[in-house]
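Worksheet for the structure shown next.
The values are calculated or read from the model by the stated rules, or taken from the named source; none is laboratory data. Remember, it's a predicted structure, so these values are computed and weren't measured experimentally. Glycine also receives a Cβ, built like all others from the backbone with ideal geometry; neighbour counts cover every protein chain displayed. SASA here: full protein model, heavy atoms, side chains in, ligands and nucleic acids out. Shrake-Rupley method; radii C 1.70, N 1.55, O 1.52, S 1.80 Å.
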Amino acid sequence: MFKIFIVEDDKPLVELLEQYLQRFGYDTLAASDFSEVKTEFERYAPHLVLLDVNLPKYDGYYWCRQIRNLSTCPIVFLSAREGKMDQVMALENGADDYITKPFDYDIVIAKIKSQLRRAYGTYAGSGDDRTVTVAGLRLDRDRLSLSLRDQRIELSLTEVKILDELMSKIEQVVSRDRLLEKIWDDQAFVDDNTLNVYVTRVRKKLSALGIDNALQTVRGQGYRLVPLWGE
């Protein structure tokens with residue numbers, strides 16, 4: 001049974017969400033202490049988090065960062081904030097999706113199912129084809145990690161999808177449209193700014209492994225990954 005952690009201070013909304021989620025067979029836990037969200041997350045070890053932006057003590061962006069230090073599980077924001085920058089902020093802090101209030105509960109369920117499929121189910125795949133290795137750089141799709149020699153870092157699911165496409169077509173130009181189609185085929189925000197945010201994050205992850213300038217922008221076309229680390 002998948003476990004869903006709800007971090008939301010609107011109690012009537014939480015009750016409705018829990019009723020709806022439990023009806024679909026999910027186990028749920030609502031945050032009870034908004035100064036101890038990280039501790040409650042660790043104790044519950046959920047498969048997915050529903051997270052509001054406006055919270056007591058610290059905002060949802062803060063808690064998203066804290067959770068990302070512990071886990072790569074899907075994080076979906078539920079917020080009354082509709083601005084593009086709010087959505088970009090969510091992505092920059094580690095979110096996987098963003099749903100604005102008021103929302104249709106069927107859409108929430110569909111988004112949750114999509115994220116769970118991608119992270120743990122049929123879209124996650126299985127077997128030996130779950131890794132891609134290029135010049136010693138190894139992407140592990142199941143463990144959401146990237147390693148080079150004795151260094152290893154964790155990735156978000158979206159970062160894995162970007163690197164999977166680039167490493168599978170090493171030194172080839174991958175169009176922006178292809179990346180958007182692969183990653184956000186059923187998500188709410190699909191503009192160029194969103195992709196820019198994630199490409200920047202991927203570059204930072206590569207840099208953490210000592211790989212700089214390998215992810216190149218091909219103006220007007222897209223991106224390509226050149227195995228400079230293999231030199």
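Shape summary: the chain maps onto an equivalent ellipsoid whose semi-axes, from the alpha-carbon gyration tensor, are 32, 18, 17 Å in decreasing order. Backbone N atoms of segment 1-24 closer than 16 Å to the 7 Å Cα→Cβ label point of TYR120 belong to residues 1-6, 21-24. The phi-based Karplus calculation (6.51 cos²θ - 1.76 cosθ + 1.60; θ = phi - 60°) puts the 3J(HN,Hα) values of segment 7-19 at 10, 8, 9, 8, 4, x, 5, 4, 4, 5, 4, 5, 4 Hz, whole numbers, x for Gly and Pro.
Residues LEU29, LEU137, sorted by accessible area with the largest first, give LEU29, LEU137 [1.4 Å probe; ligands and nucleic acids excluded]. For segment 131-225, the Kirkwood hydrodynamic radius from C-alpha pairs, put into Stokes-Einstein at 10 °C and a viscosity of 1.306 mPa s, yields a diffusion coefficient of 118 µm² per second. For ASP104 and LEU70, a Förster radius of 30 Å and the Cβ-Cβ distance give a FRET efficiency of 0.45, rounded to the nearest 0.05.
From the alpha carbon centroid of segment 1-41 to that of segment 192-231 is 36 Å.
How big is the Kirkwood radius of segment 3-120, worked out from every pair of different alpha carbons and given in Å to one decimal? In segment 3-120 this quantity evaluates to 14.0 Å.
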